[in-house]
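**Q** I have a structure here, written as C-alpha cells, and I will follow up with some questions on it.
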Amino acid sequence: MRSLKLDVTAESLKEAFKSFGDVISSSVREITQNEKKLKFGFVEFSSKEEANEALSNGPTHPDILECTYV
C-alpha cells in the first residue's frame, strides 16, 4: 500500500488487515521525496486467497489507512 498516514505502524497495519486472514508479517517504510514524508507498507498473508480478499475489499479505517493498493 502507499499513501499511508504518517502515524501508521507495522502493528496497526497488521491489526487493520487481520480480518482478511492470517497475517504472517507487516512492515512500514518511510521515505522523503521533495521534502515531503511518504509512508508505504507491506502485508503478507498465509494464503493467496486471503491476500486477494484483502486486495478486493481492503480496509478503509480512517485513522489508519488512506491508501492506494498496488
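Read the figures in this text as sums done on the coordinates, not as results from a lab. Values in this document were obtained by computation on a predicted structure and should not be read as measured data. We place every Cβ from the backbone using ideal geometry, glycine too, and count neighbours over all the protein chains shown.
**Q** Between GLU11 and LEU38, how many nm apart are label points set 7 Å from Cα along the C-beta direction?
**A** 2.8 nm
**Q** Additional query: Using the Karplus equation 6.51 cos²θ - 1.76 cosθ + 1.60 (θ = phi - 60°), what ³J(HN,Hα) coupling, rounded to whole Hz, does each residue of the range 8-13 give in order, writing x for Gly and Pro?
**A** Going residue by residue, I get 6, 10, 4, 5, 5, 5 Hz, with x marking Gly and Pro.
**Q** Let me ask you something else. Under 1.5 on a/c is rounded, so check that first for the range 10-57, then, if it is not, pick prolate when a/b is larger than b/c and oblate when it is not; a ≥ b ≥ c are the square roots of the alpha carbon gyration tensor eigenvalues. Walk me through the numbers before you get to the answer.
**A** Numbers: a/c = 2.96, a/b = 2.33, b/c = 1.27.
Prolate is the answer for the range 10-57, as a/c is 1.5 or above and a/b outweighs b/c.
**Q** Apply the Karplus parameterisation 6.51 cos²θ - 1.76 cosθ + 1.60, with θ equal to phi minus 60°, to every residue of the range 45-57 and state each ³J(HN,Hα) to the nearest whole Hz, in sequence, with x for glycine and proline.
**A** Listing the rounded values in order: 9, 6, 9, 5, 4, 5, 4, 5, 4, 5, 5, 6, 10 Hz.
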